[in-house]
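Presented below is the structure to which this report refers.
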Amino acid sequence: MPPFVPVILAGGKGERFWPVSRLACPKQFLCLDGRDRSLLQATADRLEALAGSWADLWVITAEHLADRVRQQLPHLPEANLLVEPVGRDTAPAVAWATLEIAKRYGQEAVVGFFPADHWIADEAAFCHTLKAAATLAAERGAIATLGITPTYAATGYGYIEQGDAAGTYGDLSAYQVSRFTEKPDAPTAQAFIDSGRFSWNSGMFVFPAQVMLEELKIHAPGLMQPILDQGVAAYPGLEKLSIDYAVMEHTAHAYVMPVAFGWDDLGDWNAVERLLKQPDDKNVNLATHIALDTEGSIVYTSNAEEVVVTIGLQDVVIVRDGNATLVVHKDRTQDIKQAVKQLGAEERFQHLL
């Protein structure tokens, strides 16, 4: 079996967790699940165990976040930290990191890419799944994606449709990908669920380095050739492009492995309720919260000495961090990103981003 080399994608903004998540400290550096490890640290812990050592775990991040990665992952070798001078979405990140890994480990190495900000419930099942996906990738020359078995008709995720069966790996079934679909409306999402053929797109991919590099040359030559010629120096001239658009929606090597190990992409503040809500509690309190007739709400403060008092509220999110306060109905948390964009349009609010 070729070596397995995991890579953490740690360059996101996490704008829907504003004001706690900001440009200099996006959500992957935060502890949002009630534990004392950040999302990045928890991701690294899982993947370091799979890699076998810190020497074989890689992280790719943005220039302004590199020092914080170093602080949170002190055991990560400096040579394994790839720093992008500008953000260009996931396709350039995958291309550059895969190229560097192929140089060190050979083109047969199996590479895995993982967002830094996901929550995993069953880490043993996660590890078992990754070993199965690595076997699928190595034996079939597959670009294997982990498809999360849906638990409800989500409209905030992309979906993957299963095609022909491709065998069983480590007791997990694999399928050729029939198609990728962007975030659907509610009726379409329900139809996907009812068909039993769709998984949520987790954004986690496993593949032999050589296969991905060849597919990038075929489907995204305008991206791949500059990186081959110039390495990271090509970044400023590259267009923003996701790996889904660049390769996954075009390649004939895409396979999906439906999995269920307890997963959440922590897309906005409602995720905190999904993780931490207790049946007997009326609210999720990550703060000193005095509630009078308030129910179904999420309250967070970054200062443990602050007190939040609410009266007669229902289904709201209240977040206090430093000199910024967010109050939003739980149905509108996806719009936080738009509010942050509006803040950024005014110079007097730049320090709040």
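The values are calculated or read from the model by the stated rules, or taken from the named source; none is laboratory data. Just so it is clear, the structure is predicted and the values come from calculations on it, not from any experiment. Glycine gets a Cβ as well: all are built from the backbone with ideal geometry, and neighbour counts include every protein chain shown. Protein only, heavy atoms only, side chains kept; ligands, DNA and RNA dropped before computing areas. Shrake-Rupley method; radii C 1.70, N 1.55, O 1.52, S 1.80 Å.
Using beta carbons and a limit of 6 Å, which pairs, at least six apart or on different chains, have the first residue in the stretch 174-185 and farther than 17 Å from Ile243 by Cβ and of a type outside the set (Ser, Thr, Tyr) and the second one open to solvent by 70 Å² or more (accessible area, probe 1.4 Å) and outside any loop (DSSP other than H, G, I, E, B)?
Within 6 Å, the pairs are Gln176/Asp164.
If a residue has to be buried (at least 20 other Cβ atoms within 10 Å of the Cβ) and more than 19 Å from Phe261 (Cβ to Cβ) to count, how many in the stretch 139-161 make the cut?
Counting residues in the stretch 139-161 that are buried (at least 20 other Cβ atoms within 10 Å of the Cβ) and more than 19 Å from Phe261 (Cβ to Cβ) gives 2.
What's the total number of residues in the stretch 279-290 that are open to solvent by 50 Å² or more (accessible area, probe 1.4 Å) and among the hydrophobic types (A, V, I, L, M, F, W, C)? Full working, then the answer.
Looking only at the stretch 279-290, we keep the residues that are open to solvent by 50 Å² or more (accessible area, probe 1.4 Å), and these are 279-282, 285-286, 288, 290.
If we keep only those that are among the hydrophobic types (A, V, I, L, M, F, W, C) as well, we get 286, 290.
Result for the stretch 279-290: 2.
Could you list, in sequence order, all residues of the stretch 320-353 that are among the β-branched types (Val, Ile, Thr) and either more than 16 Å from Ser302 (Cβ to Cβ) or free of Cβ contacts under 8 Å to residues at least 12 places away in the same chain (or both)? Show your work before the answer.
Step one: of the stretch 320-353, the residues among the β-branched types (Val, Ile, Thr) are 325, 327-328, 333, 336, 340.
Those that are among the β-branched types (Val, Ile, Thr) and either more than 16 Å from Ser302 (Cβ to Cβ) or free of Cβ contacts under 8 Å to residues at least 12 places away in the same chain (or both): Val327, Val328, Thr333, Ile336, Val340.
Could you look through the stretch 103-125, keep only residues that are closer than 17 Å to Ala142 by Cβ and among the aliphatic types (A, V, I, L, M), and pick out the one that is surrounded by the fewest Cβ atoms within 10 Å (Cβ to Cβ)?
Ala109
Of all residues in the stretch 294-325, which are charged (D, E, K, R), under 20 Å from Trp18 (Cβ atoms) and assigned to a loop (DSSP other than H, G, I, E, B)?
At the first step, the residues of the stretch 294-325 found to be charged (D, E, K, R) are 295, 305-306, 315, 320-321.
Going one step further and asking which of them are under 20 Å from Trp18 (Cβ atoms), we end up with 306, 315, 320-321.
Selection gives Glu306, Asp315.
Looking at the stretch 256-275, which of its residues are assigned to a strand (DSSP E or B) and either polar (S, T, N, Q) or open to solvent by 20 Å² or more (accessible area, probe 1.4 Å) (or both)? Talk me through it step by step, then tell me what you get.
Step one: filter the stretch 256-275 for residues assigned to a strand (DSSP E or B), giving 256-259, 263-264.
Correct list: Pro258, Trp263.
Go through (1) touching a residue at least 60 places away in the same chain (Cβ under 8 Å); (2) among the β-branched types (Val, Ile, Thr); (3) under 20 Å from Met212 (Cα atoms) one by one and return the number of the condition Val86 breaks.
Status for Val86: all satisfied but (3).
Does Arg274 meet the test of being closer than 24 Å to Tyr157 by Cα and in contact with an Asp or Glu (Cβ under 8 Å, 6 or more places away or on another chain)?
Numbers: closer than 24 Å to Tyr157 by Cα: yes; in contact with an Asp or Glu (Cβ under 8 Å, 6 or more places away or on another chain): yes.
It is true that Arg274 is closer than 24 Å to Tyr157 by Cα and in contact with an Asp or Glu (Cβ under 8 Å, 6 or more places away or on another chain).
Looking only at residues in the stretch 71-92 that are in a helix (DSSP H, G or I) and closer than 11 Å to Trp58 by Cβ, which one is most open to solvent (accessible area, probe 1.4 Å)? Give the derivation first.
Taking the stretch 71-92 as the starting set, the residues that turn out to be in a helix (DSSP H, G or I) are 71-72, 78-80, 90-92.
With closer than 11 Å to Trp58 by Cβ added as a condition, the list becomes 79-80.
Values: Ala79: 69, Asn80: 2 Å².
Of everything passing the filter in the stretch 71-92, Ala79 is most open to solvent (accessible area, probe 1.4 Å).
How many residues does the stretch 137-155 hold that are over 19 Å from the mean Cα position of the chain (by Cα) and under 14 Å from Met212 (Cβ atoms)?
Final tally of qualifying residues: 5.
Give me a count of the residues in the stretch 1-18 that are small (Gly, Ala, Ser) and open to solvent by less than 30 Å² (accessible area, probe 1.4 Å). Break it down stepwise before answering.
Looking only at the stretch 1-18, we keep the residues that are small (Gly, Ala, Ser), and these are 10-12, 14.
The next check asks that each one be open to solvent by less than 30 Å² (accessible area, probe 1.4 Å); those that pass are 10, 14.
Count: 2.
If Ala291 satisfies all but one of (1) touching a residue at least 24 places away in the same chain (Cβ under 8 Å); (2) outside any loop (DSSP other than H, G, I, E, B); (3) within 30 Å of Asp321 (Cβ to Cβ), what's the number of the condition it fails?
(1)
Say we look at the stretch 245-255 and pick out the residues that are in contact (Cβ under 8 Å) with a residue 24 or more places away in the chain and not in a helix (DSSP H, G or I); which of these is surrounded by the most Cβ atoms within 10 Å (Cβ to Cβ)?
Restricting attention to the stretch 245-255, the residues satisfying the condition of being in contact (Cβ under 8 Å) with a residue 24 or more places away in the chain are 245-251, 253-255.
Those still in the list that are not in a helix (DSSP H, G or I) too: 249-251, 253-255.
Details: Glu249: 16, His250: 15, Thr251: 19, His253: 21, Ala254: 24, Tyr255: 27.
Ranking the qualifying residues of the stretch 245-255, first place goes to Tyr255.
Select from the stretch 219-232 the residues that are open to solvent by 60 Å² or more (accessible area, probe 1.4 Å) and either among the polar types (S, T, N, Q) or in contact (Cβ under 8 Å) with a residue 12 or more places away in the chain (or both) and list them in ascending order.
First, pick out the residues of the stretch 219-232 that are open to solvent by 60 Å² or more (accessible area, probe 1.4 Å): 219, 221-222, 225, 228-230.
Passing the criteria: His219, Gly222, Gln225, Leu228, Gln230.
Would you be able to tell me the number of residues in the stretch 162-189 that are open to solvent by less than 20 Å² (accessible area, probe 1.4 Å) and not in a helix (DSSP H, G or I)?
Step one: filter the stretch 162-189 for residues open to solvent by less than 20 Å² (accessible area, probe 1.4 Å), giving 166, 174, 184, 189.
Keeping just the survivors that are not in a helix (DSSP H, G or I) gives 166, 174, 184.
Residues in the stretch 162-189 being open to solvent by less than 20 Å² (accessible area, probe 1.4 Å) and not in a helix (DSSP H, G or I): 3 in total.
Would you check which residues across the stretch 235-244 are in contact (Cβ under 8 Å) with a residue 12 or more places away in the chain and in contact with a helix residue (DSSP H, G or I) (Cβ under 7 Å, 6 or more places away or on another chain) and list them? If you could, list the steps in order and put the result at the bottom.
Keep residues of the stretch 235-244 that are in contact (Cβ under 8 Å) with a residue 12 or more places away in the chain, which gives 235-236, 238-244.
Scanning the stretch 235-244 gives Tyr235, Leu238, Leu241, Ser242, Ile243.
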